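One structure is given here, and the rest of the page talks about it.
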Amino acid sequence: MRQTNLEALKTKLFAAMEGIENLNDPEADEREKMTVEQAKALVSVAGSIIDIFRIQVEAAKIVSSCDNPESTSKFVQGLLYEEKKELK
């Protein structure tokens, strides 16, 4: 099952860097290599994912600044529920 959290994203990005480095390694298997174009596409998708997390954080800040702690709690629980649901 595919992970959809920031740790998984970081792992994938570091693997992409390693894949680019492997382009010049004659002993590296073809599956261990990643072209610059592939890495650029991955970084573009990663940027979009990071933007989604950034928006969630900003929304949480706005909700938490309200005078209604119950709304804040429901909002945060909703975010956590969605994250867990994606991991299943």
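What follows draws every value from the coordinates through simple rules; no lab data is involved. As the structure is a prediction and not an experimental result, all values here were calculated from the model. Glycine gets a Cβ as well: all are built from the backbone with ideal geometry, and neighbour counts include every protein chain shown.
Roughly how many debye, to the nearest 20, is the charge dipole of the chain about its Cα centre, given +1 on each Lys and Arg Cβ, -1 on each Asp and Glu Cβ, and no other charges? Please report the intermediate quantities before stating the final value.
Numbers: 12 positive and 16 negative charges, 89 e Å.
That gives the chain a dipole magnitude of about 420 debye.
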Exercise. If one takes the longest principal axis of the Cα atoms in the chain, at what angle in degrees, from 0 to 90 and to the nearest 10, does the Cα axis of helix 6-21 lie?
Worked result: 20 degrees
For this session: For the stretch 55-69, just list the computed ³J(HN,Hα) in residue order, Karplus coefficients 6.51, -1.76 and 1.60, θ = phi - 60°, integers in Hz, with x standing in for Gly and Pro.
Result: 5, 4, 5, 4, 4, 4, 4, 5, 5, 5, 7, 6, 8, 10, x
